[in-house]
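A short worksheet on the structure shown next.
The values are calculated or read from the model by the stated rules, or taken from the named source; none is laboratory data. On a predicted model such as this, the values are computed, not experimentally measured, just so you know. Every residue, glycine among them, receives a Cβ derived from its backbone with ideal geometry; neighbour counts consider all protein chains shown. Ligands, DNA and RNA are stripped out before the accessible areas are found, and what is left, the full protein with its side chains, is counted by its heavy atoms. Shrake-Rupley method; radii C 1.70, N 1.55, O 1.52, S 1.80 Å.
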Amino acid sequence: MAEIELKNVQKSYGKVKVIHGIDWQIKDGEFVVIVGPSGCGKSTLLRMIAGLESITGGDISIAGRVVNKLEPAERDIAMVFQNYALYPHMTVRKNMAYGLKIKKIPADEIERRVAHAAEILELTDYLDRAPKALSGGQRQRVAMGRAIVREPSVFLFDEPLSNLDAKLRVQMRLEIKKLQADLGITSVYVTHDQVEAMTLGHRLAVLNGGYVEQLGTPIEIYEKPATMFVAGFIGSPSMNLMKVTIGQEGAQAMLPDGSGINLPLARSELAGKSVVLGIRPEHFDIGTPENHHLNLSVGVVEQLGADTLVHGLIGDNPVAVVARFEGVQKFAPGQALPLQIPADAIHLFDSETEKRL
């Protein structure tokens, strides 16, 4: 097991800079998830840790050793890719053992490690099958088994569940979380799926355009997003964000068309300022005509069984808003739905810097 430390890590392709000076320490035994949209640099960052991409500047250390110039095989890491990359002509046993055989590990030790990994991953009954005789989930387990038998200091996962169907992704997500907890190996996991990120990681690094927008526990990032990007990316459905001007008393927000939203808190220091108001869909409560903070004109209603999503508009120059309620709720298109906002559910962001106020 090992700590991973990144000091001012940068990556450029010619004049195009894709990773902008990342400083980050991953603790021994920690499971950290790098999450962000396609093209934000998350896989590039992971590949630099693995040694599959060179770095342009800074230092990467694993277990206290700077590994900038070390080959992947010298870094004591094991990587699981989106593509299973199994040898089709080899059995599961041989696929898992191949890397150890190349390293000239004794045969009895190879057998011990393969048997142990197969037991952990419930692959013992499949060791003599070819990959084509396995399901997608089983193939991904073999890929993880191939990493486990190496007994590395660090696991690196590059979107390993992207090729699986929704139900299997949930199952494999639970297996990966349990596996990492049981083995206690320092792990870095890349995904664009924020549900995977929230459920798997001890900490998340939210990446955007090669910058770390926020680093923290899933709950910290959910409850106090540092920027508008994080607020809009983490959470499903994403946070409602709307440009408003805070009223003179600091307890009302005015939309650009002059429509008002009553706020359940006074922010007099922001009076007259243009800000971005954020409210998560699940934080709306249904009010009454006499007691509410805003009126939502109901548009489309999505019944999900456990939840009901209401897509609607507020204001005379309509602003789209999504509200989420528990259970099955019946609303009619065009209905004026009075909504309340708990005081602790309001997020305010600077409209220029996009940072949390």
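Among the residues making up the range 321-346, those that are touching a residue at least 60 places away in the same chain (Cβ under 8 Å) and closer than 16 Å to Pro281 by Cβ are Val321, Val322, Arg324, Gln340, Ile341, Pro342, Ala345, Ile346.
Within the range 183-205, the residues that satisfy the criterion of being part of a helix (DSSP H, G or I) and polar (S, T, N, Q) are Gln194, Thr199.
Flag not set for Lys69, criterion: open to solvent by 40 Å² or more (accessible area, probe 1.4 Å), closer than 30 Å to Asp128 by Cβ and modelled with pLDDT under 95. Residues that are closer than 13 Å to Gly210 by Cα, open to solvent by 70 Å² or more (accessible area, probe 1.4 Å) and in contact (Cβ under 8 Å) with a residue 12 or more places away in the chain within the range 9-48 comprise Lys17, Asp23, Ser38, listed in sequence order. Just the residues that are surrounded by fewer than 18 Cβ atoms within 10 Å (Cβ to Cβ) and closer than 12 Å to Gly278 by Cα, please, taken from the range 220-235. Those that are surrounded by fewer than 18 Cβ atoms within 10 Å (Cβ to Cβ) and closer than 12 Å to Gly278 by Cα: Glu223, Lys224, Gly232. Restricting the range 131-175 to residues that are β-branched (Val, Ile, Thr) and part of a helix (DSSP H, G or I) leaves a set whose member that is nearest to Asn83 (Cα to Cα) is Val142.
Looking only at the range 289-337, which residues are of a type outside the set (A, V, I, L, M, F, W, C), assigned to a loop (DSSP other than H, G, I, E, B) and open to solvent by 70 Å² or more (accessible area, probe 1.4 Å)? Hits for the range 289-337 are Pro289, Glu290, Asp316, Asn317, Pro318, Lys330, Pro333.
Just one of the listed residues (Glu282, Glu269) is outside any loop (DSSP other than H, G, I, E, B) and under 32 Å from the mean Cα position of the chain (by Cα), and it is Glu282. The residues on offer are Thr217, Thr199, and the sole one that is within 24 Å of Phe349 (Cβ to Cβ), touching a residue at least 12 places away in the same chain (Cβ under 8 Å) and open to solvent by 10 Å² or more (accessible area, probe 1.4 Å) is Thr217.
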